[in-house]
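Chemist: Right, I'll just put the structure down here and ask away after.
The values are calculated or read from the model by the stated rules, or taken from the named source; none is laboratory data. From a predicted model like this one, the values you see are computed outputs, not experimental measurements. Backbone-built Cβ (ideal geometry, glycine too); neighbour counts: all protein chains shown. These accessible areas exclude ligands, DNA and RNA; they are computed on the full protein's heavy atoms, side chains included. Shrake-Rupley method; radii C 1.70, N 1.55, O 1.52, S 1.80 Å.
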Amino acid sequence: MEPLQSLRGMVDLLPERIGLWQHVEATAREHFRMAGVNEIRTPLLEVTELFARGIGEATDVVGKEMYTFLDRGERSCTLRPEGTASVVRAAIQHGLLGQGPQRLWYGGPMFRYERPQAGRQRQFHQIGVELLGFADPRSDVEAIALAWDLLADLGVQALALELNSLGTPEDRLRYRGELVAWLEAHRDWLDVDSQQRIHTNPLRVLDSKHPDTQALLAGAPNLHDALSPGSHERFQRVRQGLEDLGIPFSLNPRLVRGLDYYSHTAFEITSTQLGAQATVCGGGRYDGLVGQLGGPATAAVGWALGMERLVLLLEQSGSAPAAVGPDLYVVSRGEAAERRALALTRQLRQAGLAVELDLSGAAFGKQFKRADRSGARWAAVIGDSEAAEAAVVLKDLRGETAERRLAEAELVEALSRMGAA
Ligand code: ATP
Ligand code: MG
């Protein structure tokens, strides 16, 4: 029978790479703990309407990337393509917003039906932060600093922060009018996707990946010029805050999020080492979203980073932590020895040692080869004579110390003296 394959764009994460993922996750968890950001876990599956309302019908994500199906109860369900809508839904559903501002983070798989390529998958993983109930410009700075410091602490290099302000919904409405008029006048020179967006989602034209469109847009009305004095001042305070923290940034007036509930700060963290899929982390302020999803008007700011792209960066720059083997590898041969080895392994684990037990029943030589490959520093060897005396031979797999025969009962102490436990 032909062996089955995973679905296209659905990627297995094998043990040899998992160490780096766990390192990233543990570092993120620690950063969030230090910053008082609490974890929230929401279902992978939600009613489709949540994303239609929470991300917007006019976006690529909702328009053509969602995994949507009818469940057995004929309800339209969607595998979550991002985390924010679910987190906001959960916060509303459980009344979290009535308990004061919430600093939340989430991590896990997201699903988008896209064309798979390096750094782009159909199941991918994000870590994200949502600060709900925070309006002050300092919260934008805090959110950005959380992402920046996490990436810097992980050792990601060649990072750049791009920043923009979308102003208030009124600012944007005014700008939208100017932009649509300009796009109409230049329609014939736009790529087909952008032409289609003129009336559905004109701001998204600004971040078209099409080079000719990009060149043409140099002459388009500038969002920055459309900001009200209040929005300008708010943006100034965010920039000042970043400067105070020594976080470098550049302004990019074409960095937009096309939806009405976004306001003020929008940002992206990119790396020149990623090629086409350069954005590691994206986020911004979304003061209108909680209201849009039926909750109380709530200011909010957040971001999401892509784990696959982050891990690619870390692998490229060689900042991946080395794999760690067990403390001890247990080698045994002969029926009595194998029984003792099984019991000893369990005892040693209960005493806090990481122990790998060879279950092959193969010749000692083969077991020793595997012991070497395991990365363990020590091997405990049990043969017939050791089994008869409840003894083990402790062997230094690096060959730095002579092998010794010990009573089983002495083993934990001996290993801890030698720095293994
Ligand atoms: P892109 O422009 O690369 O498609 P996006 O604007 O769709 O990104 P967001 O929705 O802002 O991305 O998601 C935040 C981050 O999640 C991205 O910056 C990226 O690192 C990661 N990401 C998004 N889509 C994918 C994907 N299909 N595969 C892997 N990572 C992804
Ligand atoms: Mg995308």
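Chemist: For Gly107, all conditions in the list (1) open to solvent by less than 30 Å² (accessible area, probe 1.4 Å); (2) in contact with a His (Cβ under 8 Å, 6 or more places away or on another chain) hold save one; what is the number of the exception?
Modeler: (1)
Residues checked against (1) outside the structural domain of Pro253 (by TED's automatic domain parsing); (2) in contact with a Cys (Cβ under 8 Å, 6 or more places away or on another chain); (3) touching a residue at least 60 places away in the same chain (Cβ under 8 Å); (4) closer than 27 Å to Leu79 by Cα:
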{"site": "Val129", "(1), (2), (3), (4)": "no, no, yes, yes"}
{"site": "Asp136", "(1), (2), (3), (4)": "no, no, no, no"}
{"site": "Ala160", "(1), (2), (3), (4)": "no, no, yes, no"}
{"site": "Arg172", "(1), (2), (3), (4)": "yes, no, yes, no"}
{"site": "Leu179", "(1), (2), (3), (4)": "yes, no, no, no"}
{"site": "Gln196", "(1), (2), (3), (4)": "yes, no, no, yes"}
{"site": "Asn201", "(1), (2), (3), (4)": "yes, no, yes, yes"}
{"site": "Leu206", "(1), (2), (3), (4)": "yes, no, no, no"}
{"site": "Lys209", "(1), (2), (3), (4)": "yes, no, no, yes"}
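Chemist: Which of (1) among the basic types (Lys, Arg); (2) assigned to a helix (DSSP H, G or I); (3) closer than 26 Å to Cys281 by Cβ does Arg254 not meet, given it meets every other one?
Modeler: Arg254 satisfies every listed condition except (2).
Chemist: On the given criteria, is Leu344 touching a strand residue (DSSP E or B) at 6+ places or on another chain (Cβ under 9 Å) and free of Cβ contacts under 8 Å to residues at least 40 places away in the same chain?
Modeler: Answer is no for this residue.
Chemist: Across segment 75-91, what is the number of residues that are in contact with an Asp or Glu (Cβ under 9 Å, 6 or more places away or on another chain) and either charged (D, E, K, R) or without any contact (Cβ under 8 Å) to a residue 12 or more places away in the chain (or both)?
Modeler: From segment 75-91, those in contact with an Asp or Glu (Cβ under 9 Å, 6 or more places away or on another chain) are 76-81, 83-89, 91; that's our starting set.
From what is left, the residues that are either charged (D, E, K, R) or without any contact (Cβ under 8 Å) to a residue 12 or more places away in the chain (or both) are 80, 89.
Within segment 75-91, residues that are in contact with an Asp or Glu (Cβ under 9 Å, 6 or more places away or on another chain) and either charged (D, E, K, R) or without any contact (Cβ under 8 Å) to a residue 12 or more places away in the chain (or both) number 2.
Chemist: Now for a separate question. Test of understanding: among Ala52, Ala35, Ala26, Ala58, which residue is within 16 Å of ligand 2 (Cβ to nearest atom) and assigned by TED's automatic domain parsing to the domain that holds Arg89? Show your work before the answer.
Modeler: Details: Ala52 fails: within 16 Å of ligand 2 (Cβ to nearest atom); Ala35 fails: within 16 Å of ligand 2 (Cβ to nearest atom); Ala26 fails: within 16 Å of ligand 2 (Cβ to nearest atom).
On inspection, the qualifying residue turns out to be Ala58.
Chemist: Does any residue of segment 242-249 turn out to be open to solvent by 50 Å² or more (accessible area, probe 1.4 Å), without any contact (Cβ under 8 Å) to a residue 60 or more places away in the chain, farther than 20 Å from Val301 by Cα and not in a loop (DSSP other than H, G, I, E, B)?
Modeler: Checked segment 242-249: no residue is open to solvent by 50 Å² or more (accessible area, probe 1.4 Å), without any contact (Cβ under 8 Å) to a residue 60 or more places away in the chain, farther than 20 Å from Val301 by Cα and not in a loop (DSSP other than H, G, I, E, B).
Chemist: With Gln273, Gln277 as the choices, which residue is near ligand 1 (Cβ under 9 Å from one of its atoms), modelled with pLDDT under 95 and either of a type outside the set (Asp, Glu) or buried (at least 20 other Cβ atoms within 10 Å of the Cβ) (or both)?
Modeler: Result: Gln277 is the single residue among Gln273, Gln277 that is near ligand 1 (Cβ under 9 Å from one of its atoms), modelled with pLDDT under 95 and either of a type outside the set (Asp, Glu) or buried (at least 20 other Cβ atoms within 10 Å of the Cβ) (or both).
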